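Asks: So that we are looking at the same thing, I have put the structure below in structure tokens.
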Amino acid sequence: MAPERITRADVEHVAHLARLALTEPEIEELTGQLGDILGYAAQVSALDLTEVPPTAHPLPLVNVFRPDEARPGVDRDEVLAQAPATENNRFRVPRILGEARG
Amino acid sequence: MSAATRNGETAAEIAAAVRSGTRSAREVTDAYLGRIGAGEEAVHAFNLVTADAARARADEIDAMIADGHDPGPLAGVPIALKDNLCTRGVATTCSSRILAGWEPPYTATVVERVVAAGAVPLGKTNLDEFAMGSSTENSAFGPTRNPRDPSRVPGGSSGGSAAAVAAEFAPLALGSDTGGSIRQPAAFCGVVGVKPTYGTVSRYGLIAFASSLDQVGPFANTVTDAALLLDAIAGPDPLDSTSIRAEWNPVISAVDEGIEGLRVGVVTELLDGIDADVAARLSEAVDVLRAGGAKVGDASVPAAIHGLAAYYLIAPAEASSNLARYDGVRYGLRVDGVDVADMNAKTRGAGFGAEVKRRIMLGTYALSAGYYDAYYGQAQRVRTLVIRDFDAAYRDFDVLLTPTTPTTAFEFGDKTGDPLSMYLSDVCTIPTNLAGHPAISVPFGTGANGMPVGVQVLAPALGERAMFRAARALELGAP
């Protein structure tokens, strides 16, 4: 069931899941706003739809296949030129395991 | 009076003149660039005007004509592109700081197609960041103003494209529509806007917002011009696995077929909460259709009233997944952190605006453990109900009629403090996206404040030909 209200802890938890660094005022504001919006959206959770199957997509597509043939893709140098940092034709990132997070 | 006489020359007229050699593409392009130069500062329709590339492309079109080649059905017609359509080597921002300065390594199929049809791209138009919004107030680069009244919003998210066509900066524009982002700004700016059947227009190179709902479509000053542009972009694309594989049946030949015997249903559930002036125009639209020979009755789509709530769970859920790619690794902004996770979070915190953060949070919450069934799962079931109710209505009717929006264009700041009130402006346009159906907004008179009113024609999947017939009748009979 839907919760009665969204707490600050909910917002901090979801922000972590979404990898979003939020400021204090943003956390404050989102706590109220998400509660309002989810309160409105909760009208769908109140409906009895046990007999109704879900729709994920408007087209009845299952699998779409194409021939397994090599074909040109986007240009590597053009792609790498857009990256914030590269090294040896690869994307360069900070260390994976830091001290801030386990 | 037809829209053409209000807004000067049509795309069809330009293409005919360029193809016959009576006007040069360069002359046309220079005229539109001149209008942009004179009016853009007041409107801010564009994030980027590519004047040099436009002139070079126009010269190529003229060279083709001189060599006896036909440049295509959009020969020499200037076009504005929403800035969420990828253009190789040309900045594509989605009006977001997180993509500022990014130059895509490939071009969207729809852009390739309009260029192959002879069109001349003039630049990239402003939008609500990542197409999330209904006013362009969420653009990181400042809002677009409504050319009909600069104190009012142009609508959104494709507000720049709608304003560009309304201000005659371009006779045609491309936008994208996830919950009404073409039709709502078309209504607010007094132009024609089309959301095609899901899968008819390629999404390859359209930067994803909510992939099961997003669809690219045309803006134009006339219904015929919108048909011309839709025919140029529709049809299967091997680069989009959700593209419908059947060949496109062109709509241009249907536009002037008339509406004798066409069965039109007015959706009663979507009349609640509509402003009186908008409701009055809708009632006049019914009279116009009846006078043209259509059979008009009341239609019922009961689940439409839950469409908005379902949409504001489904679209953010899909967005939270699609926007996970903006992580500071491969393109766009990076804000350094002590490790990768910290860099990801700081980059996203600094790069996304308030509405995008709100949707990502909403979607992540709706998909998170413990809430998935109550929110996202239920919303997907409502989506089934909406489709079933439309299917039932289309057993009795060929097309359906609603207002495009509950109100005319509102003023800046009216709804920015209350996200839910902004979302409610999409109530009439959203059910179509949930069903994957086509819809068109046609200008039909003005409201009490003198701002344009849009009337919306809906059709079942691939029912565009009947939809355009009704739209043309409304255009001809508009006050």
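The values are calculated or read from the model by the stated rules, or taken from the named source; none is laboratory data. Because the structure is a prediction, the values reported are computed rather than measured. Neighbour counts are summed over all protein chains in view; Cβ atoms, including those assigned to glycine, are modelled from backbone coordinates with ideal geometry. What goes into the accessible areas is simple: the full protein's heavy atoms, side chains included, and nothing from ligands, DNA or RNA. Shrake-Rupley method; radii C 1.70, N 1.55, O 1.52, S 1.80 Å.
Asks: Filter region B:405-463 down to residues that are of a type in the set (Ser, Thr, Tyr), out of contact with any strand residue (DSSP E or B) (no Cβ under 9 Å at 6 or more places or on another chain) and touching a residue at least 40 places away in the same chain (Cβ under 8 Å), then give me how many there are.
Replies: Going through region B:405-463 one residue at a time, the tally reaches 4.
Asks: Count, please, the residues in region B:389-424 that happen to be closer than 28 Å to residue A:38 by Cβ and within 14 Å of chain A (Cβ to nearest Cβ).
Replies: 12
Asks: Which residues, taken from region B:351-370, are aliphatic (A, V, I, L, M) and open to solvent by 10 Å² or more (accessible area, probe 1.4 Å)? Let's see the steps before the verdict.
Replies: From region B:351-370, those aliphatic (A, V, I, L, M) are B:354, B:356, B:360-362, B:366-367, B:369; that's our starting set.
Across region B:351-370, the qualifying residues are B:354, B:367, B:369.
Asks: Follow-up question, since we're still on this one. Identify, from the list B:345, B:310, B:324, the residue that is within 9 Å of chain A (Cβ to nearest Cβ), more than 29 Å from residue B:406 (Cβ to Cβ) and touching a Leu at 6+ places or on another chain (Cβ under 7 Å).
Replies: On the way: B:310 fails: more than 29 Å from residue B:406 (Cβ to Cβ); B:324 fails: touching a Leu at 6+ places or on another chain (Cβ under 7 Å).
Going through B:345, B:310, B:324 in turn, just one is within 9 Å of chain A (Cβ to nearest Cβ), more than 29 Å from residue B:406 (Cβ to Cβ) and touching a Leu at 6+ places or on another chain (Cβ under 7 Å): B:345.
Asks: All but one of (1) surrounded by fewer than 22 Cβ atoms within 10 Å (Cβ to Cβ); (2) at pLDDT 95 or above; (3) more than 18 Å from residue B:129 (Cα to Cα) hold for residue B:273, so report the exception by its number.
Replies: If we test residue B:273 against (1) surrounded by fewer than 22 Cβ atoms within 10 Å (Cβ to Cβ); (2) at pLDDT 95 or above; (3) more than 18 Å from residue B:129 (Cα to Cα), just (2) comes out false.
Asks: Give all pairs with beta carbons closer than 7 Å in which a residue from region A:60-80 that is over 30 Å from residue B:434 (Cβ atoms) and facing chain B (nearest Cβ under 10 Å) meets a residue that is of a type outside the set (Gly, Ala, Ser) and part of a loop (DSSP other than H, G, I, E, B); count only pairs at least 6 apart in sequence or on separate chains.
Replies: A:74/B:105; A:74/B:106; A:75/B:105; A:76/A:89; A:78/B:105; A:79/B:105; A:80/A:89
Asks: Separate question: Considering B:288, B:266, which residue is in contact with a strand residue (DSSP E or B) (Cβ under 7 Å, 6 or more places away or on another chain), among the β-branched types (Val, Ile, Thr) and closer than 30 Å to residue B:225 by Cα? Even if it seems obvious, please write down each step before you answer.
Replies: Working: B:288 fails: in contact with a strand residue (DSSP E or B) (Cβ under 7 Å, 6 or more places away or on another chain).
Result: B:266 is the single residue among B:288, B:266 that is in contact with a strand residue (DSSP E or B) (Cβ under 7 Å, 6 or more places away or on another chain), among the β-branched types (Val, Ile, Thr) and closer than 30 Å to residue B:225 by Cα.
Asks: Let me ask something else about it. Does residue B:118 meet the test of being assigned to a loop (DSSP other than H, G, I, E, B), on the phi > 0 side of the Ramachandran plot and either out of contact with any helix residue (DSSP H, G or I) (no Cβ under 8 Å at 6 or more places or on another chain) or open to solvent by 10 Å² or more (accessible area, probe 1.4 Å) (or both)? Steps first, please.
Replies: Values: assigned to a loop (DSSP other than H, G, I, E, B): yes; on the phi > 0 side of the Ramachandran plot: yes; either out of contact with any helix residue (DSSP H, G or I) (no Cβ under 8 Å at 6 or more places or on another chain) or open to solvent by 10 Å² or more (accessible area, probe 1.4 Å) (or both): no.
So residue B:118 fails the test.
Asks: Here's a follow-up. Just one of (1) more than 7 Å from chain B (Cβ to nearest Cβ); (2) surrounded by 11 or more Cβ atoms within 10 Å (Cβ to Cβ); (3) among the polar types (S, T, N, Q); (4) closer than 24 Å to residue B:210 by Cβ trips up residue A:45, so point out which.
Replies: If we test residue A:45 against (1) more than 7 Å from chain B (Cβ to nearest Cβ); (2) surrounded by 11 or more Cβ atoms within 10 Å (Cβ to Cβ); (3) among the polar types (S, T, N, Q); (4) closer than 24 Å to residue B:210 by Cβ, just (1) comes out false.
Asks: Kindly indicate whether residue B:70 is among the acidic types (Asp, Glu) and not in a helix (DSSP H, G or I). Working first, answer last.
Replies: Details: among the acidic types (Asp, Glu): yes; not in a helix (DSSP H, G or I): yes.
Considered against the rule, which asks whether it is among the acidic types (Asp, Glu) and not in a helix (DSSP H, G or I), residue B:70 comes out as yes.
Asks: Just to check your reading of the model, which residue among A:5, A:95 is of a type in the set (Lys, Arg), at the interface with chain B (Cβ under 7 Å from one of its Cβ atoms), open to solvent by 80 Å² or more (accessible area, probe 1.4 Å) and assigned to a loop (DSSP other than H, G, I, E, B)?
Replies: On the way: A:5 fails: at the interface with chain B (Cβ under 7 Å from one of its Cβ atoms).
Step by step, each of A:5, A:95 is checked, and only A:95 is of a type in the set (Lys, Arg), at the interface with chain B (Cβ under 7 Å from one of its Cβ atoms), open to solvent by 80 Å² or more (accessible area, probe 1.4 Å) and assigned to a loop (DSSP other than H, G, I, E, B).
Asks: Now for a separate question. In region B:323-350, which residues are surrounded by fewer than 24 Cβ atoms within 10 Å (Cβ to Cβ), touching a residue at least 60 places away in the same chain (Cβ under 8 Å) and part of a loop (DSSP other than H, G, I, E, B)?
Replies: Those that are surrounded by fewer than 24 Cβ atoms within 10 Å (Cβ to Cβ), touching a residue at least 60 places away in the same chain (Cβ under 8 Å) and part of a loop (DSSP other than H, G, I, E, B): B:331, B:332, B:333.
Asks: Any chance you could count how many residues in region A:13-32 are more than 14 Å from the chain's Cα centre (by Cα), buried (at least 21 other Cβ atoms within 10 Å of the Cβ) and in a helix (DSSP H, G or I)?
Replies: So the count comes out to 1.
Asks: Surrounded by fewer than 18 Cβ atoms within 10 Å (Cβ to Cβ) and either assigned to a loop (DSSP other than H, G, I, E, B) or modelled with pLDDT under 95 (or both): which single residue out of B:37, B:101, B:76 fits that description?
Replies: Numbers: B:37 fails: either assigned to a loop (DSSP other than H, G, I, E, B) or modelled with pLDDT under 95 (or both); B:76 fails: surrounded by fewer than 18 Cβ atoms within 10 Å (Cβ to Cβ).
Answer to the selection: B:101.
Asks: In region B:367-388, what count of residues is obtained for those that are in contact with a helix residue (DSSP H, G or I) (Cβ under 7 Å, 6 or more places away or on another chain) and either away from every other protein chain (no Cβ under 11 Å) or among the small types (Gly, Ala, Ser) (or both)?
Replies: 3
Asks: Answer with yes or no whether residue B:360 is under 22 Å from residue B:131 (Cα atoms) and within 7 Å of chain A (Cβ to nearest Cβ). If you could, list the steps in order and put the result at the bottom.
Replies: Working: under 22 Å from residue B:131 (Cα atoms): yes; within 7 Å of chain A (Cβ to nearest Cβ): yes.
Considered against the rule, which asks whether it is under 22 Å from residue B:131 (Cα atoms) and within 7 Å of chain A (Cβ to nearest Cβ), residue B:360 comes out as yes.
Asks: Would you check which residues across region B:138-193 are open to solvent by less than 10 Å² (accessible area, probe 1.4 Å) and in a strand (DSSP E or B) and list them?
Replies: B:146, B:172, B:173, B:174, B:175, B:176, B:177, B:192, B:193
Asks: For residue B:134, are the conditions met, namely being within 18 Å of residue B:47 (Cβ to Cβ) and hydroxyl-bearing (Ser, Thr, Tyr)? First the steps, then the outcome.
Replies: Working: within 18 Å of residue B:47 (Cβ to Cβ): no; hydroxyl-bearing (Ser, Thr, Tyr): yes.
Considered against the rule, which asks whether it is within 18 Å of residue B:47 (Cβ to Cβ) and hydroxyl-bearing (Ser, Thr, Tyr), residue B:134 comes out as no.
Asks: Of all residues in region B:425-439, how many are of a type in the set (S, T, N, Q) and within 11 Å of chain A (Cβ to nearest Cβ)?
Replies: The qualifying residues number 2.
Asks: When you look at residue B:243, is it open to solvent by less than 10 Å² (accessible area, probe 1.4 Å), within 27 Å of residue B:99 (Cβ to Cβ) and polar (S, T, N, Q), yes or no?
Replies: Working: open to solvent by less than 10 Å² (accessible area, probe 1.4 Å): yes; within 27 Å of residue B:99 (Cβ to Cβ): yes; polar (S, T, N, Q): yes.
Yes; evaluated as a whole, the condition is true for this residue.
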